[in-house]
Structures are given as C-alpha cells and as structure tokens.
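Chemist: The structure under discussion is supplied below as structure tokens; questions concerning it will follow.
Every number here is computed from the coordinates shown, using simple stated rules; none is lab data. What you see is a predicted model, and the numbers here were worked out from it, not measured in a lab. We place every Cβ from the backbone using ideal geometry, glycine too, and count neighbours over all the protein chains shown.
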Ligand code: 13P
C-alpha cells in the first residue's frame, strides 16, 4: 500500500528500528524494493531524486508503476522526493503523487534553509505529504566530506529548526557521506552527537549515505535513534555487478534473464539490509488494515 512516510517513520521511532529508503531509477529497482519489503514484511521508502527523474526515471512512467506495485503489496510503502532543491521539482513531485518530500537546504545558510524548509513543509502537509529536512550537511564520500566535523548537525540549532519548520523527519550529519568511500575506508560516526540529537528532538532521524558505512556503524546508528536510512550507491552497484558478471559468463545471455538476475541480486541485498536495521517482520497484516498508516 502506498502511504505517507509519516506513519512509517512514527512506527520506526516508537519501536527503535529503521526503514530503508532505496533510490530507484527503473522498473527492476522498484520491483526489487517492493519484493524485498513484501517478503520481509517490512515497510520501505522508494526514493527518487530530481537528478534521477530528469536524466532517466521518467515520472509519468515510474509513478503509475510504483502506485500499482505498492497498492498490491501487503506492507506500507512511501514515495519520497530525495534531495529536492528546486521549487519546480518539488511542485512537480507533489502534483504527480509523491507521498513525501525531502527538501535539502543543507548547502544554504541556516536562515535560508530554515525559511525555505518551513514553506516546503507547509506545502507538503497541506497535501497530506510528509516532509524531511536536513540540517548540517551530508556531503560526498569522494571529497572526504564525512570527516568534516564543521558539517555535523548542531543540537541546539536542530531543536530550533524542527520547532519552526515542523518537519516530520530530520536528516542529520554525523559522519556518513554520499557515494563510494575509498577502498578499505570505514567512516567514524559521532554516536554521542546522535544520542544527544535523539534525546533533544524525540522524532524520526534520517541517515543519508547508507552505502558502505559498515554493518557495525549502521547497527549502532539504529540503536542510537536513526529511523530512516538512505541507500543508493550499493543497490545500483549490485545491479551493475550482476549484469557485468552475467555478461562475463555468457555475452549472449538473454536480455530478460539479465534483467531478472540483476533484480533478484538487488532484492537479496535489500532483504539483508532490512534484517540489519530491524525493519523485517514488523508488518504482519493484510491490505484491509491500510487506513491506520494514512
Ligand atoms: P548512498 O548512495 O551513499 O547510499 O547515499 C544515498 C543517499 O543518501 C540518498 O539520499
């Protein structure tokens, strides 16, 4: 069932677990995510960023497919605009049926981030959508941004930010970064800060850069209060590697078998991530129970 992200994250927050938000740019991605969520009885969030929908994942093709697959799934599924920055992209997402909007003003001044997030949060809520903000800045792994302590989220500012913007979830910077870390590098996360943020905010917190961050880090981040983990790089890499492997084995492999193999490999990875972050097995109900998550 397609629902707002708000109920999904409220349940994760009250029961101390996290839900995956997987970026999707085609049918195989979406099917892998929905199949993993259904088989693990886990909620899940489908992320699409403006870059992804402008370059490849055409929303007029993607959204009806997501609505159809999610409606038939026995678990709550949200469709979230990932890293919305431009007004037009956010308006498009709201118009076309996203159930959640992330506004990323993390590269702006605090004042500008707060003012725009407040407007977007009101717009989203007026349409029954959830809204995620970001304070501090989760940058790029390739630039070593995860190690830049001045990017980390300040606890007092976060309290003020959430109070004024009324966002339903806050993405925090505690040492992860987007993309692929250098080989062998495992980020060092600031769990003390994360615990302080959780205790001051008492709301769903989001970790961006969920790829390659190390199982122990991810497990502890969930224990310390993270409720949504964004994962893109690893899922895409698994799909790519699956295709490369199958072509290496047999360059004349059937196209449909190539795609279904990649889909299955992505599904397996997503299922094991769901086990790691504690979302598996949380939703043992039927589609008739949908209204409790709206
Ligand atoms: P990764 O690509 O590092 O998993 O980060 C994804 C993300 O945070 C999307 O918002």
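Chemist: Taking other Cβ within 10 Å of each residue's Cβ, how do 219, 240 sort, fewest first?
Modeler: Numbers: 219 14, 240 11.
Arranged by neighbour count, lowest to highest, 219, 240 become 240, 219.
Chemist: By count of other Cβ within 10 Å, fewest leading, how are 81, 205, 258, 94 ordered? Each step should come with its number before you reach the end.
Modeler: Details: 81 29, 205 26, 258 16, 94 20.
Fewest to most other Cβ atoms nearby, the residues stand as 258, 94, 205, 81.
Chemist: Rounded, prolate or oblate for region 190-294? Axes are the square roots of the Cα gyration tensor eigenvalues, ordered a ≥ b ≥ c, and the cut-off for rounded is a/c under 1.5.
Modeler: Working: a/c = 3.47, a/b = 1.66, b/c = 2.09.
Oblate is the answer for region 190-294, as a/c is 1.5 or above yet b/c matches or exceeds a/b.
Chemist: Where q = 0.10, 0.13, 0.15 Å⁻¹, what log10 of I(q)/I(0) comes from the Debye formula for the chain, counting one point per Cα?
Modeler: Debye curve over Cα of the chain, log10 I(q)/I(0) at q = 0.10, 0.13, 0.15 Å⁻¹: -0.49, -0.85, -1.15.
Chemist: Just to confirm my numbers, what's the Cα centroid distance between region 255-287 and region 59-135 in Å?
Modeler: Answer, in whole Å: 24.
Chemist: Take the Cβ-Cβ distance between residue 149 and residue 56 as r, set R0 to 30 Å, and report the resulting FRET efficiency rounded to the nearest 0.05. Walk me through the intermediate numbers first.
Modeler: Numbers: r = 35 Å, r/R0 = 1.17.
The value I calculate is 0.30.
Chemist: How far is helix 110-126 tilted off the main Cα axis of the chain, in degrees rounded to 10, range 0 to 90?
Modeler: Approximately 60 degrees, to the nearest 10.
Chemist: Also: Rounded, prolate or oblate: which one fits region 1-53, using the alpha carbon gyration tensor with axes a ≥ b ≥ c (rounded when a/c is under 1.5, else prolate when a/b beats b/c, else oblate)? Walk me through the numbers before you get to the answer.
Modeler: Working: a/c = 2.42, a/b = 1.50, b/c = 1.61.
Oblate.
Chemist: Can I ask one more? If one takes the longest principal axis of the Cα atoms in the chain, at what angle in degrees, from 0 to 90 and to the nearest 10, does the Cα axis of helix 87-96 lie?
Modeler: Roughly 50 degrees between the two axes.
Chemist: In nanometres, what is the gap between the two model label sites at residue 264 and residue 223, each 7 Å from Cα along Cα-to-Cβ?
Modeler: 3.6
Chemist: Oh, and also: Ranked by Cβ crowding within 10 angstrom, fewest neighbours first, how are 243, 19 ordered?
Modeler: Values: 243 17, 19 27.
In increasing order of surrounding Cβ atoms, one gets 243, 19.
Chemist: Okay, moving on. In a Gaussian network model over the chain where Cα atoms closer than 10 Å are linked, find which of 15, 217, 47 has the largest mean-square fluctuation.
Modeler: Comparing 15, 217, 47 in a Gaussian network model of the chain, the most mobile one is 15.
Chemist: Follow-up question, since we're still on this one. Taking 8 Å as the Cα distance limit and 6 or more residues as the minimum spacing, I'd like the relative contact order of the chain as a percentage.
Modeler: Numbers: 593 pairs, mean separation 71.9, N = 294.
After rounding, I find 24 percent.
Chemist: According to a simple spin-label model (label point 7 Å from Cα along Cα-to-Cβ), what is the distance in nm between residue 110 and residue 237?
Modeler: So the label points at residue 237 and residue 110 sit 3.5 nm apart.
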